[in-house]
Structures are given as C-alpha cells and as structure tokens.
Amino acid sequence: MITRLGCAPPSPADCQTFDPADVFAAGEQNHHISNTAYPIAHRETFWPYRIAREAHRATVESAFEGIDELCLYSHIPFCETRCFFCEYTVVGRRELDATEEYMAALDRELLLYRELLGPRRLYGLDIGGGTPSFPAADLIARHLQNVTDNFAISADFSVSIETTPKIASLEPDKIRAYKAMGIDRISMGVQVTQPDLLKTLGREENGLEHHYRATENIRRAGFTKFNIDLMYGFADQSAESWAATLAHAIALEPEYITLYRMRYKLTRISHQAERVTLTHAREHARVAKEKLAAAGYRANPGKNTYTRVANDTDCHGGQGSARDTTSHPAPTGTSAYLTRRVIQGMPYLGLGLGAQSFTHSTISYNSGAVGKNLSPYLRDIEKGILPIQDLYHLSSAHMMAKMIAVSFYFGEINLSAFREKFAIDLESAYPAAVDYLLQQGLMHYTESENGAELEGRDKRSLSLTELGAKHFNGSIALFFAPSVQDYLIRRNLPDYAHAPL
Ligand SMILES: C[S@@+](CC[C@H](N)C(=O)[O-])C[C@H]1O[C@@H](n2cnc3c(N)ncnc32)[C@H](O)[C@@H]1O
Ligand code: SF4
C-alpha cells in the first residue's frame, strides 16, 4: 500500500524568524519579484528539498496518494514569434513544425499519469501556452477527448483556452471548432495597443487591426465567457497610453479583463525593470481600477481579473457591502482550473513542456523549462518515463506559501480552505504576520464572494483592503517561507551578491 507523503522537515534556512516589519519592507523594496510567482531564488530556497531523478516516480505516486480531486493544465509551447516581455516556456521558430509530434507526446504523458494514478476527478482544464491555438484544431479536440476519457469529470468541469488576436482574427474555423468541442471560455492577449510599444515589445503582428475581427469571430462562435489580457508596468508605457489601452479593451466588451503587471524575471527585457518604480506601477493600477469601474467592471482589492456586472450599482459594492452574494454569486471571471487553485489550493497536474504540478507536499517542473526546446521532453516520453526535470518535496512553510501566493490572485485567503489543506488555522500558522497585517489595516476579515466554489465551506476569508492592495508586494511577502524572506531582506544589503532568481 502506498502511504500519502507528508511535508518535508524544514531546512535550516526555513527555521529562522524575522520581524514582520522587516519582511514587509523587503517585499516592497523588491516589488519586481515579491509577487504571486512563487518561489523566488529557487536555487537557494528550494534546492535542499530536491528529489533525485531515480526517486521521481515513487515520490509522485505517494504525493498524489489520496488526492481524489484535481485540476489539469496542458501546455502548448508554440508561438509564431516570441514577444520580448514573455516569461513562459515557448520554443523557437525551428520547432514550429513539430506540433503533431508534440501533441502525440502530450497525450502519451496523460496516459503515463493515468497508469500511475488511476482515475481522478477533474474540475477544470486550462489549455495554455505559448499559443494553444497554433496547432490544428483537431489535435486539440483529440487531446480533450483523451482527457475526458481518462478522468472522472465533475458536473461543473469546464475548459478554457488562450489565443492571440492574430489567430482569432484570421482563423475563425478554429475558434468555432473550440466551441463545438466543448471549450467554454476563451482568453485573448491584447496586452497593449500603442503601436510604438507593440513594436518595442516584438508584438506588432498582434496589433489593433486584428482585435475587432477576432472579437467578432469569438462572439459568432458562441463564446459568452470571453477574457482579454492587458499588461502594464512597462518602462516605455505612459499613463496616457495605458488609459488608451484600457479604453480599447473596454470597447471590445469582453465579460472579463485580466490585468498583468509586467514581471521582468527571466525575460528578454529584464534590464528595463529598474526603470519601473513602484509609484509608476501603482499609478497604472489606480488608473485601471478607475476606468474599469466606470465601465461596469469590478474586482475586489488585489484581484487582477475584473468582471463585467449587469447592474451598475454592483460595481461599487466593494468589501463588506450589503450585496447579496448567496443568491447571485459574482462570477470569478477566471477559468475553472485557476479558480479552484486560487480558492481551494486544489492540487493540479501540469502536462507538457516545462509544466508545473502541485500536490499537498510537492511541486515539480517538467523538462524543457530551462532550455526551452522540445528534445528532453520528447525523449522522456519516448522512453515512457515521467518527463520531470525538477521535483521538490517541500516543507509546510513552502507549501503554505505557494498556496497563499496563488490565493493573492483574488486578494484573499479563504480560512476554511487553508485549514482543510494544512490541518492548522491560518492565524496559528502565521501569528505575527496576521497580527501585523490586521494592525496596519492591510488585510481584514470578509465573507468571500466565491460562494459556488466553496461548496458549503465557511466563507470567511482574510482579504486585502484597498491599502493592502496598494502594498501588495510587502503584504504577500509576509506569507513566504523564511528562506525566501531571508533572501528578500539580504538582497537589499549593499554588499550582497545576488543568487540567481
Ligand atoms: C501564457 S500567456 C499567453 C497568451 C497568448 N499566447 C497571447 O500572447 O495572447 C498569458 C498571459 O500572460 C501574460 N504575460 C506574459 N508574459 C508576462 C510577464 N513577463 N509578466 C506578466 N504577465 C505576462 C500576458 O498578458 C499573456 O496574455
Ligand atoms: S505572450 Fe503569448 S504569443 Fe507572445 S511569446 Fe508569450 S505566449 Fe507567445
């Protein structure tokens, strides 16, 4: 019988404690990296928890033991060109003709996990990238069929896919095929609209000329869950050009708009990070909130997906409003896969190049994340072995930090979901941090609006206030594991040589 893997004992670096005020200040100072992309400096902070390759299969098997409910992510790493700002695992032009081979490998990986884990219940599937709309639609349909054939599918299972404006505009048949095969949410990356900026970012092929036709094709295909991604915090993005981008996205009338603050780590334009101050980024976030609210889109403080609401008065509901969310819970605007991860810390399996998986005690990254080429991944699949490059059996401090970092996508940590996952109250796990955040007015207790996904659980959450959302980077750092907090604090010392991020 396989026994479920508990968390690992903490490394010496994870046995330290720091003054919350110092951690908060270090998070604010390191605002470019103190965000939802956890961990930071993994070579230093995760390394003590690394599992040798020979033990990968047995560790994965026991880490998934007893986990009956999962989300699934399938990574499609092809893009016609690589945008200079992109942080994702994307392969170069010379591998663009390998889509059939890659999609066959992805289906084979799915079967490797089915053989190892047996049937599990699936709550959501995200087909992301890269550009998942780059391969032929029948390859996506076959993958989706394999997923539904090999997992137990929950009643509210739903599938989301990403596209670029160019593909959605020029290939309407693909968009129609997605809807016909059962995909019900689609997300399009508009990012920015200023032609000069698009050029500087290497993304001029996805300019304004495609946006209207793309939107029309998405609507004609029957999608009613349409999200647009926008990006801010670029060095050469003025407040006016950001406001114009927002106005353009609003005019396309998507149900949801998701805002990404540019994360420079490991991108081609990482050298520009120092030109973007916290004040600059905060001003962009403020302008966005104001313009989106005026257009009827709302999000709780700290949440980056805005939802268009039918009733204008709801836009100003805010935290603690008398809005009745039990009878009409606000749609989260995110995919089922992400929503379950954020609200419940639900374990997920990531398939494909560089994909990440998360259980209650491990995090792993598939082959290809570093080299950004297909060969190591395809080789592993050919040999019939799990294509894992790095597997970490982590301490509870890191597992909690990862769950909370993801919860910050919605600006709140649901107390019952945390307790259920880690068998401890949030306040007992982080006594000093919670006290500090409450006392400084950065977080407060609220009733979560995510009624449907909490399914009978207690809805109380610890949520960011407006002030906390403004100090997002400092607030989130209070939940990081001690080794990561230590790294952030030391990073500001004058003679400290930075470890790789
Ligand atoms: C996986 S990407 C794929 C979207 C699709 N391929 C496209 O370009 O339209 C998902 C989203 O991540 C965001 N993103 C990409 N690079 C980022 C970075 N360095 N920092 C923050 N967000 C980023 C973009 O808004 C993008 O739309
Ligand atoms: S932003 Fe999208 S299209 Fe651009 S490189 Fe990244 S995944 Fe590809």
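A compact table of results
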| quantity | calculated |
| --- | --- |
| Top-ranked residue in segment 244-286 [being buried (at least 17 other Cβ atoms within 10 Å of the Cβ) and polar (S, T, N, Q); ranked as farthest from Tyr409 (Cα to Cα)] | Gln272 |
| Checklist (1) in contact with a Leu (Cβ under 8 Å, 6 or more places away or on another chain); (2) touching a residue at least 40 places away in the same chain (Cβ under 8 Å); (3) in a strand (DSSP E or B) applied to Thr193, failing item | (3) |
| Residues satisfying the stated conditions in segment 186-198, i.e. within 14 Å of ligand 1 (Cβ to nearest atom) and within 15 Å of Pro165 (Cα to Cα) | Ile186, Ser187, Met188, Gly189, Val190, Gln191, Val192, Thr193, Leu198 |
| Residues located in segment 46-99, provided they are assigned to a loop (DSSP other than H, G, I, E, B) and free of Cβ contacts under 8 Å to residues at least 12 places away in the same chain | Ala52 |
| Per-region count, segment 209-251, residues in contact with a strand residue (DSSP E or B) (Cβ under 9 Å, 6 or more places away or on another chain) and farther than 15 Å from Ile175 by Cβ | 12 |
| Exclusive hit being closer than 18 Å to Arg341 by Cβ, touching a Pro at 6+ places or on another chain (Cβ under 8 Å) and modelled with pLDDT under 95, set Ala417, Ala401, Ala452 | Ala452 |
| Glu171 surrounded by 15 or more Cβ atoms within 10 Å (Cβ to Cβ) and either more than 16 Å from ligand 1 (Cβ to nearest atom) or not β-branched (Val, Ile, Thr) (or both) | yes |
| Selected residue [within 14 Å of ligand 2 (Cβ to nearest atom) and under 21 Å from Phe157 (Cα atoms)] from Asp107, Asp126 | Asp126 |
| Residue ID - farthest from ligand 2 (Cβ to nearest atom), chosen from residues in segment 260-293 that are more than 17 Å from Thr36 (Cβ to Cβ) and among the polar types (S, T, N, Q) | Thr279 |
| Residue match in segment 288-299 (condition: within 16 Å of ligand 1 (Cβ to nearest atom), closer than 16 Å to Gln29 by Cα and surrounded by 15 or more Cβ atoms within 10 Å (Cβ to Cβ)) | no |
| Extreme residue, modelled with the lowest pLDDT, among residues of segment 253-287 that are more than 14 Å from ligand 1 (Cβ to nearest atom) and assigned to a loop (DSSP other than H, G, I, E, B) | Thr277 |
| Given (1) within 30 Å of Lys459 (Cα to Cα); (2) modelled with pLDDT of 95 or more, number of the condition Asp390 does not satisfy | (1) |
| Residue tally, condition away from ligand 2 (no atom under 15 Å from the Cβ) and farther than 17 Å from Gln272 by Cα, over segment 194-238 | 18 |
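Here is a yes/no grid of residues against (1) of a type in the set (Gly, Ala, Ser); (2) out of contact with any helix residue (DSSP H, G or I) (no Cβ under 8 Å at 6 or more places or on another chain); (3) part of a loop (DSSP other than H, G, I, E, B):
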position	(1), (2), (3)
His211	no, no, no
Glu216	no, yes, no
Thr224	no, yes, yes
Leu230	no, no, no
Leu246	no, no, no
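The values are calculated or read from the model by the stated rules, or taken from the named source; none is laboratory data. Note that this is a predicted model, so its numbers are computed, not measured. Note that we place each Cβ from the backbone using ideal geometry, even for glycine, and neighbour counts take in every protein chain shown.
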